1. Residues in the range 99-134 that are part of a helix (DSSP H, G or I), open to solvent by 50 Å² or more (accessible area, probe 1.4 Å) and over 16 Å from Ile208 (Cβ atoms): how many?
2. Given the criterion part of a strand (DSSP E or B), open to solvent by 10 Å² or more (accessible area, probe 1.4 Å) and polar (S, T, N, Q), identify the matching residue among Thr61, Thr2, Thr71.
3. Could you check Lys139 against (1) under 28 Å from Ala248 (Cβ atoms); (2) assigned to a helix (DSSP H, G or I); (3) modelled with pLDDT of 95 or more and say which number it fails?
4. Suppose we keep only residues that are under 19 Å from Pro258 (Cβ atoms) and touching a strand residue (DSSP E or B) at 6+ places or on another chain (Cβ under 6 Å) within the range 73-110. Which one would you say is modelled with the lowest pLDDT?
5. Has the range 74-82 got at least one residue that is touching a residue at least 24 places away in the same chain (Cβ under 8 Å) and farther than 30 Å from Val209 by Cα?
6. Among the numbered criteria (1) open to solvent by 50 Å² or more (accessible area, probe 1.4 Å); (2) of a type outside the set (S, T, N, Q); (3) within 27 Å of Glu230 (Cβ to Cβ); (4) touching a residue at least 12 places away in the same chain (Cβ under 8 Å), which one does Ala45 miss?
7. Test Lys153 against the stated conditions and say whether it is under 16 Å from the mean Cα position of the chain (by Cα), farther than 20 Å from Asn86 by Cβ and touching a residue at least 60 places away in the same chain (Cβ under 8 Å).
8. Taking the conditions exactly as written (within 28 Å of Arg123 (Cα to Cα), among the β-branched types (Val, Ile, Thr), at pLDDT 95 or above and crowded, with 23+ Cβ neighbours inside 10 Å), does Val155 satisfy them or not?
Amino acid sequence: MTTHLILQTSSILGNLIEHAAAISSANGIHHINSCAARLIDVDPASREEIMQWAAANRVDTAFINDYKPLTEMKVLAMDMDSTLINIECIDEIADMAGRKQQVSAITEAAMRGEIKDFSESLRRRVALLEGVPASALEKVYEERLRLNPGAEKLVQGAQAAGLKVLLVSGGFTFFTERLQARLGLDEIHANTLEIENGVLTGHVLGDIVDGQAKANFLKALAEKENALPEQCIAMGDGANDLIMMGHAAYSVAYRAKPVVQAQAAFSINYSGLDAVLNYFKQDA
């Protein structure tokens, strides 16, 4: 089996490609673009040395044994907060009310996996939003929410290859609905904040979208699309994404917590979200 090594950076690879080729005993080099390259027929035993080299040079790596066309994939599932977008929405809503420190401390602990019950952590955080004007949600969306680099290119590239794109979030429908309209996402799932008389009540309506729910939504879409785990990509950054990522052969930790990087098949720490596209042949 031929092993390929994908190298990617946020700038220009330049001479780094030759360095990696020497370390990995590559038999060929394919330049994808100025920021990405594929080393062909590398020595799998070089993985540990390559990982150390990559960390020192701020290069994202991916060892790929089955280098296949993107068109063979069927589903791309993504987390929202700190994966598709640059913020944790709940923290920014809390900031509008001067409560960010209290809420973000719970968020961070949950993301690191220190709080095992996500539903409980979410209820605790939402309770701290009681009395915040609903207008704060729009303000967060307009003033603070930004797509992470490569988001649009990733979604467009995946859909052009025939994949269904799922956004599944432990965050809120206020934001997922706007992102669906903005990016043309195929399916979205998130939590609904209760609003009465123009203010947040501090409660969530209905069942909480936790880690298991995220996984269930991915499995349901995969079943609908007749997709095997080998035909699914799942991306996330926090412990709450791990169950979902476990149902995709291409599990990708995006600028993620250490617990997530340790369990994911691939990690992206320096490149944009669209780096995922380079794990695959761009045409059949």
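The values are calculated or read from the model by the stated rules, or taken from the named source; none is laboratory data. Everything quoted here is computed from the prediction, not taken from an experiment. Counting neighbours? That spans all protein chains shown, and the Cβs are built from the backbone with ideal geometry, glycine included. Accessible surface areas use protein heavy atoms only, side chains included; no ligands, DNA or RNA. Shrake-Rupley method; radii C 1.70, N 1.55, O 1.52, S 1.80 Å.
1. 5
2. Numbers: Thr2 fails: part of a strand (DSSP E or B); Thr71 fails: part of a strand (DSSP E or B).
None of the others qualify; the one that does is Thr61.
3. (1)
4. Among them, the one singled out is Glu88.
5. Kept after step one, since they are touching a residue at least 24 places away in the same chain (Cβ under 8 Å), are these residues of the range 74-82: 74-82.
Adding the requirement that they be farther than 30 Å from Val209 by Cα leaves none.
No, the conditions are met nowhere in the range 74-82.
6. Single failed check for Ala45: (4).
7. Details: under 16 Å from the mean Cα position of the chain (by Cα): yes; farther than 20 Å from Asn86 by Cβ: no; touching a residue at least 60 places away in the same chain (Cβ under 8 Å): yes.
Here the answer is no, as Lys153 does not meet what is asked.
8. Details: within 28 Å of Arg123 (Cα to Cα): no; among the β-branched types (Val, Ile, Thr): yes; at pLDDT 95 or above: yes; crowded, with 23+ Cβ neighbours inside 10 Å: yes.
So Val155 fails the test.
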